[in-house]
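The values are calculated or read from the model by the stated rules, or taken from the named source; none is laboratory data. All of these numbers come straight from a predicted model, not from anything done at the bench. Neighbour counts run over all protein chains shown; Cβ positions are idealised from the backbone, glycine included. Calculation scope for accessible area: heavy atoms of the full protein, side chains included, ligands and nucleic acids excluded. Shrake-Rupley method; radii C 1.70, N 1.55, O 1.52, S 1.80 Å.
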Amino acid sequence: MSNQHSEIFCRHKLNPILTVADWPYPANSVFNPGATLLPDGTTLLLCRVEDRRGHSHFCVARSANGIDNWKIDLQPTLMPDPEHFPEEVWGIEDPRITYLPELSKYAVVYTAFTRDGPGVSLALTQDFHTFERYGIIMSPEDKDAALFPHRIGGYWALIHRPVSAPRAHMWISYSPDLRHWGSHKLMLEARKGAWWDANKIGLSPPPIETPQGWLVIYHGVRQTAAGSIYRLGIALFDLQTPTVCLKRSNEWIFGPQEPYEQRGDVDNVVFPCGYTLAPDGDTIHLYYGASDTSIALATGSVRAILDWLEQHR
Ligand code: BMA
């Protein structure tokens, strides 16, 4: 069974594909990138860069094949702006990119590290040079958020992860204008007890639209005597009513296995914030942070993931 799992997402042999050694300016680590495919086929990663104070900002890396020859912005692309957005006082983290055809803009939903913990912030951009900040859209403690690419039933929809300690589940909220959010509904609950996804789960990359439903890759956090283990599972949700979960995997599909995933600033973490879908509509490139230290790539097939989910739900 475990051999089958490793076939769902196949690690690239050049992993980790980006590390702080590649960076054009001093930093501590680069990880948890958002991802998108630009109209000319270029892969764009919006990388979380942690500086040597422990504060994070974003920096763009571009590559023609999404694997190597990355062109990295020579300066930080998006810095926290605590003067105008006080919620960004301790940095910005974990960007998730969704292209919104209705606005011809990319939405970047990210974590603002506020004095009271993480909150969810939104910025729009057309070119990844200038950003239109919407500020904080979900108050702390909340994170692991991304937008759906288009309105559902006339409203924008956001998946996010508020914390109601000691448990944390995935919720969905709706907005007419991306600024005012309501109609909050529970979307997916963390399991209990010994499960790999007990007590704390969160969205990983933005939801993937398929004919069968919204395919969601989420992380489960298992607390152990030696620390947490971050692993990935999948679930499928109804296209019109994404609060309805059609299928959920019982087993995780991807977890820390290689040395660069098991050892780093935070051990035993695989944390994808973005994917790109090839023009064939099936080949998925999943970009993930490994141990809060570097960026790695795993590839898969959406069709094969859906088949596996059918067999393992
Ligand atoms: C989560 C987030 C991620 C991080 C992970 C492991 O809560 O803060 O940014 O990769 O923990 O440290």
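Share of the chain's accessible area from carbon and sulfur, percent, 1.4 Å?
C and S atoms contribute 51 percent here.
Which whole-number percent is the relative contact order of region 2-312 (Cα, under 8 Å, 6+ apart)? Working shown, then result.
Numbers: 843 pairs, mean separation 51.3, N = 311.
About 17 percent, as a whole number.
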Expressed in square angstrom to the nearest 10, the accessible area of Thr299 with a 1.4 Å probe stands at 40 Å²
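Of all alpha-carbon pairs in region 22-134, indicate the percentage at a distance above 19 angstrom.
On the way: 2686 of 6328 pairs.
Value for region 22-134 (Cα pairs over 19 Å): 42 percent.
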Across Ala165, Ala145, Ala290, the residue with the highest GNM fluctuation in the chain (Cα network, 10 Å cutoff) is Ala165
Magnitude of the Cβ-charge dipole (Lys and Arg +1, Asp and Glu -1) of region 2-312 about the Cα centre, nearest 20 debye, reported as 560 debye
Taking a ≥ b ≥ c as the square roots of the eigenvalues of the Cα gyration tensor, with a/c under 1.5 meaning rounded and otherwise prolate when a/b exceeds b/c and oblate if not, region 2-312 is rounded
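Label region 110-256 by shape, choosing from rounded, prolate and oblate, from the square roots a ≥ b ≥ c of the eigenvalues of the Cα gyration tensor; if a/c is under 1.5 it is rounded, and otherwise prolate applies when a/b is larger than b/c, oblate when it is not.
On the way: a/c = 1.78, a/b = 1.28, b/c = 1.39.
Oblate, since a/c reaches 1.5 and b/c is not below a/b.
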Applied in sequence order to region 87-101, the curve 6.51 cos²θ - 1.76 cosθ + 1.60 (Karplus, θ = phi - 60°) yields integer Hz couplings, x standing for Gly and Pro, of 5, 9, 4, 10, x, 10, 9, 6, x, 10, 9, 10, 7, 10, x
Counting only DSSP beta bridges fully inside the chain, the antiparallel percentage to nearest 5 is 95 percent
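Report the net charge of residues surrounding Ser63, where surrounding means a beta-carbon distance below 14 angstrom and charges are Lys +1, Arg +1, Asp -1, Glu -1. Walk me through the numbers before you get to the answer.
On the way: positive: Arg62, Lys71; negative: Asp22, Asp40, Asp68, Asp73.
For residues surrounding Ser63, the net value is -2.
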With all protein chains present and a 1.4 Å probe, the order of Trp90, Trp196 from largest accessible area down is Trp90, Trp196
Using alpha carbon centers only, region 209-272 is separated from region 118-183 by a whole-angstrom value of 19 Å
Residue-normalised 222 nm signal for the chain, counting each DSSP H run of n ≥ 4 as -39,500 (n - 2.57), nearest 500 deg cm²/dmol, is -2000 deg cm²/dmol
In order over region 271-280: 3J(HN,Hα) from phi, Karplus 6.51/-1.76/1.60, θ = phi - 60°, whole Hz, x for each Gly or Pro, gives 9, x, 10, x, 9, 10, 10, 5, x, 5
Residues other than Ser204 with Cβ under 9 Å of its Cβ, Lys/Arg counted +1 and Asp/Glu -1, net out at 0
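Got a sec? What order do Leu186, Leu100 fall in by accessible area at 1.4 Å, biggest, i.e. largest, first?
Largest to smallest exposure gives the sequence Leu186, Leu100.
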Sorted list, accessible surface of protein heavy atoms, 1.4 Å probe, largest first, for Leu45, Leu38 is Leu38, Leu45
Per residue, accessible area of the chain with a 1.4 Å probe, heavy atoms of protein chains only, in Å², comes to 42 Å²
Env charge @ Glu50, Cβ radius under 12 Å, K,R +1 / D,E -1, value -2
